[in-house]
Amino acid sequence: MDRGALETTGGAGASPVLPPAPRLEKQQSGSTVPTSTPDIPSAPPQDPRAASPRRRRGSLALDLTLLGVVGVLLAGAVAAGSQVLYREFYSPSAFVERYLGMLAEGRAADALSVAGVAVDSAELEAAGLPIGASDALLRTAALAPLTDVEVVSEVTGGDTTKVTVAYTAGRYPGTTTFTVERDGQIGLAPTWRFARSPLAVVDLTVLGSMSFEVNGFEVDKRQVSAAGVDADPVAPVPLLVFSPGVYSVAVDTPISATGGVAVLSDSPLHATDVSIQAAPTQEFTDIVQQRVEEFLTTCATQKVLLPTACPFGFPVEDRIVSAPEWSIARQPTVALEPEGANWKIPATEAVAHIEVDIRSLFDGSVRRVSEDVPFLMTGTITVQPDGTASIVVGATDTR
């Protein structure tokens, strides 16, 4: 029998002849595949380590770029922050603003201790100011409100910087320029001082009173004058003041008063002349009127033709028969005028009345005299250190 065919001996039909099955071959991997299947080419496998350096180099460049951008931004922020810190805390303008802030808060002692504020006699003399100026007003009690402080400009020239500031002193707007210079440094921060002291002088003349008020602070000339208790009542009193600042001068005593005069000190190391004339109070005038009337009434009790130390009299060449009887027919209306720190009563008309019998030396006859005697009186009023007043009526001026 042929090995290539398979015959059967049974039945009428014969089974179909099947083609030979393909041979199978084993691959090294142990799996079986048909030998007739065509080979399919495959891509060679990639090594992951081969692409890694390229990726790392690109990532590093990106990181460095980002770090550079962040560094630039950080440097800019630091520079901007440094500028803000300098402007707000360490600049000449900030130095001036701190000084003005102390004045605005009423911290007079702190403002006076700021570098370059305090002055000595040599600096005052060099500026043409009185070397004996009193520092009585360099205190909190004499300060007026200072508000709306704003730096207008800051200009540097050479070794100094000029800082111009606008403000409101009391209710008066003002502008002041300060000169500032370097005063060393603390760490990296510069420090400053006033190259020209911001203090100023008010040369104050007060007539009609030895005492006065500055912004409500009471001052006596004898306490602030270089002459002490021997102070000239009409001489000006130089007073150191802070600049800027408004200083309202007034007199308000039982004897005299004024409506007040305000002066704005806005120029460092500059003198401002202020003169005020106090007027007598009505209370004081009434008291003087009363004392003058009492004095004249007392004079009228003297039973003589010429009352001693009195402003009226009735001189005659004949003899009197009876003691004269005096009375005041019309009292003077007292008016007061200033005379330095004191007062005077200008010539004022009044009328006395006399009743007397007179014997004629020629014929011995007696006649009754009943006459009004007009006279002029004057007076001086001196205010004593204790506040009391001494009134002296002037010499007799009869007519």
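Points to keep in mind about this one:
- Looking only at residues in the range 318-333 that are touching an Asp or Glu at 6+ places or on another chain (Cβ under 6 Å) and assigned to a loop (DSSP other than H, G, I, E, B), the one that is most open to solvent (accessible area, probe 1.4 Å) is V321.
- The range 334-367, subset closer than 30 Å to P385 by Cβ and outside any strand (DSSP E or B), residue nearest to the chain's Cα centre (by Cα): A341
Each row is one residue, and each column tells you yes or no for (1) hydrophobic (A, V, I, L, M, F, W, C); (2) closer than 20 Å to N342 by Cα; (3) out of contact with any strand residue (DSSP E or B) (no Cβ under 9 Å at 6 or more places or on another chain).
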residue	(1), (2), (3)
R196	no, no, no
A200	yes, no, no
L204	yes, yes, no
S209	no, yes, no
G216	no, no, no
A227	yes, yes, yes
D232	no, yes, yes
P238	no, no, no
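To keep it simple, each residue is scored yes or no on (1) touching a Lys or Arg at 6+ places or on another chain (Cβ under 7 Å); (2) open to solvent by less than 50 Å² (accessible area, probe 1.4 Å); (3) of a type in the set (V, I, T).
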{"residue": "V163", "(1), (2), (3)": "no, yes, yes"}
{"residue": "A166", "(1), (2), (3)": "no, yes, no"}
{"residue": "Y172", "(1), (2), (3)": "no, no, no"}
{"residue": "W192", "(1), (2), (3)": "yes, yes, no"}
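- Taken across the range 370-386, residues that are touching an Asp or Glu at 6+ places or on another chain (Cβ under 7 Å) and hydrophobic (A, V, I, L, M, F, W, C) do occur, with at least one present.
- Candidates T205, T176 - the one that is open to solvent by less than 70 Å² (accessible area, probe 1.4 Å), polar (S, T, N, Q) and under 19 Å from the mean Cα position of the chain (by Cα): T176
- Exclusive hit being on the phi > 0 side of the Ramachandran plot and crowded, with 16+ Cβ neighbours inside 10 Å, set L305, L269, L264, L240: L269
- Residue check, F295 open to solvent by less than 30 Å² (accessible area, probe 1.4 Å) and over 30 Å from F242 (Cα atoms): no
- Residues in the range 103-140 that are more than 19 Å from V214 (Cβ to Cβ) and assigned to a helix (DSSP H, G or I) were compared, and the one that is most open to solvent (accessible area, probe 1.4 Å) is E125.
The values are calculated or read from the model by the stated rules, or taken from the named source; none is laboratory data. For clarity, every value in this text was computed on a predicted model and none was experimentally measured. With ideal geometry, Cβ positions are generated from the backbone for all residues, glycine too; neighbour counts draw on all protein chains shown. For the accessible areas, the whole protein counts, side chains as well, though only heavy atoms, and no ligand, DNA or RNA atoms are used. Shrake-Rupley method; radii C 1.70, N 1.55, O 1.52, S 1.80 Å.
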